[in-house]
1. Rounded to the nearest 5, what % of the DSSP beta bridges within the protein assembly as shown are antiparallel ones?
2. Taking H placed 1.01 Å from N in the peptide plane, check which residues at least 5 places from B:I686 or on another chain put their amide H under 5 Å from its amide H.
3. For chain B, return all DSSP H helices satisfying: extent of Cα atoms along own axis at least 30 Å; mean Kyte-Doolittle hydropathy at least -1.0.
4. Using a 10 Å cut-off on Cβ to Cβ distances, tally the other chain neighbours for every residue of B:591-602 and report the average as a whole number.
5. Determine, for A:Y42, B:Y103, B:Y624, the number of other Cβ atoms within 10 Å of each Cβ, and report the residues in order from fewest to most.
6. Note down the magnitude of the dipole of the protein assembly as shown about its Cα centre, charges +1 on Lys and Arg C-beta and -1 on Asp and Glu C-beta and zero elsewhere, to the nearest 20 debye.
7. With point charges of +1 on the Cβ of Lys and Arg and -1 on the Cβ of Asp and Glu, referenced to the Cα centre of the protein assembly as shown, which listed residue (B:Y364, B:G239, B:T100) lies farthest in the positive direction of the dipole?
8. Over region B:140-263, what is the relative contact order in whole percent, taking alpha-carbon pairs under 8 Å and six or more residues apart?
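Derivation of every value follows stated rules applied to the coordinates shown; laboratory data play no part. In this text, all values refer to a predicted model and were calculated from it rather than measured experimentally. Heads up, the Cβs are rebuilt from the backbone with ideal geometry, glycines too, and the neighbour counts pull from every protein chain shown.
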Amino acid sequence: MLRQMVEVNLWSGLKAYTGGTQKVEVEAKNVGELLRGLVQAYPDLEPTIEAGVSVAVDGRIIASSLTEPITPESEIYLIQRLKGG
Amino acid sequence: MAPDGNMTNGFKVVGTRPKRPDGIDKVTGRAKFGADATAPGMLHASIVRSPHAHAKILKIDTSKAEALKGVKAVVTRADFAEGLTGENWNILENVMASDTALYDGHAVAAVAATTALGARDAAKLIEVEYELLPHVTDVDKAMADDAPVIRAGAADKSVPEGLHPNVVRYHESGHGDVDKGFSEADLVVEDSFKTEATHQGYIEPHACLAQLGSDGKGEVWCCTQGHFNVQKVCAALVGTDSSQIRVTPSEIGGGFGGKTVVFIEPVALALSRKANRPVKLVMSRSEVFRATGPTASTSIDIKIGMTREGKITAAQGVFRLQGGAFPGAPMEFTAMCAFAPYSLENVHQVGYDVMSNRPKQAAYRAPGSPMAAFAVESVIDELCNKLDLDSIEVRLKNASKEGTKASYGPKFERIGLVETLEAAKAHPHLTSPLAEGQGRGVSCGFWFNHGGETAVSLALSEDGTVAISVGTPDIGGSRASMAQMAAEELGIPYESIRTTVADTATLGYNEISHGSRVTYASGLATIKAARDAVKKLCGRAAAKWGIDEDAVVWEDGCAKPSGPNAGDFEPLPLAKIARSMGRTGGPIVGHYEATPEGAGVSFATHIVDAEVDKETGQTKIVRYTVVQDAGKAIHPTYVEGQFQGGAAQGIGWALNEEYIYGEDGRLQNSGFLDYRIPVASDLPMIDTVIVEVPNPGHPYGVRGVGETSICPPLAAIANAVSNAAGVRLTELPMSPPRILAALDAQANG
């Protein structure tokens, strides 16, 4: 199985957990693998990710689904978990 | 998900305006709301609340209350689960204080008695000994070095070092180089803004009836936006399994985000377990104000640079949100929504979640976004005025569109902001003359919308009618919308379908009715469940005709051979297949369970005319137009109602509504006499324009509409009032004293 690296854009408040980097690379083929990869590479991100985050994949905001596929070309942003009123 | 063909044409039921199925029950008083639930042997409960903003609880003596005739149970924090962590701990601490009362109105004990009067009398006999602590209720003061600490150690790791312990979460986002952008501007405007906390103002107070046995099995009937969440939270707080608590939602007399939160149900359950009888608990209006979630109050700094031609070169904002005595003020949404309407090369936003001695804030439609729009759109209006530019043209010049890199990071998919601005530009309101003393304001607004866990079941009856079960409480006419979408798919009349909001034992977990998600997510699930049923119907027809299932299509409510090669058979209507379903394979039920992730974001543009009396400071809204992208309006009347409701609530928020705290930290206006929501005579007829730019994430193109409508009003009204008064208003509400103070300050230089 080929490894698939994807680039993840974090919100800048998370730079404190990634050694000052706002753009990181992890190996992932879907949202679940991406989040696990982030925690593995940057353990300090775990509380934030555990508290709930959304992942924007090519502009579509994935609030919950861990199975959402991603490709090496996907534009990926980690954003705060959405909720509403 | 690809949209289904041309989504704006060809609908037979979607887009029409049938009568709402709950209409007769609502207007005749037959509909059952939270306080209407009763049970044999039912007790009535009352909650003892702290009269202090911040106080150590030294002792609670319940002996006199327990000795009162008719009292059957008293509970304190000791009667709830122990060892909770995270948000469950926060909820429990808010539901029933442990060792410290954190705000005026914080629950400290509760009592159940055979009569409501007896319960209230008993509550007065519960003696609580307090040691007063210093308090703070203002967001800026709560961040100051000398502010009392609400709860040490509440901050998460996102908070930079050196900030006060009351700052519990921090957000920073953006892109580009704002300093470079500001240097390229012909004019830079900076200003600071404040907004007070407002309540959702739902007419029905929180109410529930609960029963919990010593075996851990329980029932709850309550008014809520999310009964599956009530089930989950109650199970955790009283220490039983979720599946043992069955929750049935009542009709709901308004929620607007305020009923996404659990306040009283665990208390009623704990009392019931102790008394071994059902317990009813109904909040008074004063309790609703003092102890349920208003919005966060805010303190905001905005700086925007613009060229003479109206191009925004840079924008930055600092957003401080006070969310009461617990973490959770939605400062990240405030920051992320603030500049979302605009395509910006250089943007930077910072958010602070600040604790204070106030009740735990709750969502109020589009949580956090209206306050951001108020500040940002006020500065844009000021820039337009100073550069003598047309406010709609400037917004069009800078508007986000498909492919724009959003201020919060990712690129937008298909969005409809430009279409709302063009529709506003073409609306006669924008060019109608203004009278003396009047001013006009416009504003854009943005909200994300949400999908979330959703399960729907659609069952056929033998007579060909259909029952839909959804798990999302109907807070805006969704039973009608679901029936319309199912009718569209099945090809049967709208009147042949009944939609029921099912209890927690009937369906899989459904997320709360929040995030403008119901018509999108439950609607998508209803369409998919109908298609599942259609597949089964086609299967029955194929079996009857002895042909392949693939050779059967569903058209106009009938199974038909797909073409001449499939055979020559008379179309089989749904009712005919349903009549024999028991003998052809059993009941036909369509299902769909998923977490739809394609909720499209939405934008709105509002136009407001306001008239200001400079002698008295009184403001009257004389004309109001809402233009919003709905993606696809399933029931246009309900969509228009959501638009109008957002505008009406925005008028109250902008002009009159505010939580007023005294020096003692106690809420001074916990009733509708002193907390003034708009009444009909305060409002003009609110005109609406539905823009339909289909959401690619829904089969019919639906976007949520319930929240975006409250994003622009604060700003649009502030711009109208400021233009009418000739002075910029930077603090909400723009009540007569504030307007007079602004005019005085201007006159005095």
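1. The antiparallel fraction comes to roughly 80 percent.
2. none
3. On the way: long enough: B:523-545 (33 Å, 0.04).
Result, helices passing both filters: B:523-545.
4. On the way: counts 0, 0, 0, 1, 7, 3, 12, 3, 5, 2, 3, 0.
Average per residue, whole number: 3.
5. Values: A:Y42 19, B:Y103 29, B:Y624 26.
The fewest-first ordering by Cβ neighbours comes to A:Y42, B:Y624, B:Y103.
6. Working: 78 positive and 100 negative charges, 450 e Å.
The calculated dipole for the protein assembly as shown is roughly 2160 debye.
7. The residue sitting farthest along the positive end of the dipole is B:G239.
8. Values: 137 pairs, mean separation 22.4, N = 124.
The normalised contact order for region B:140-263 reaches 18 percent.
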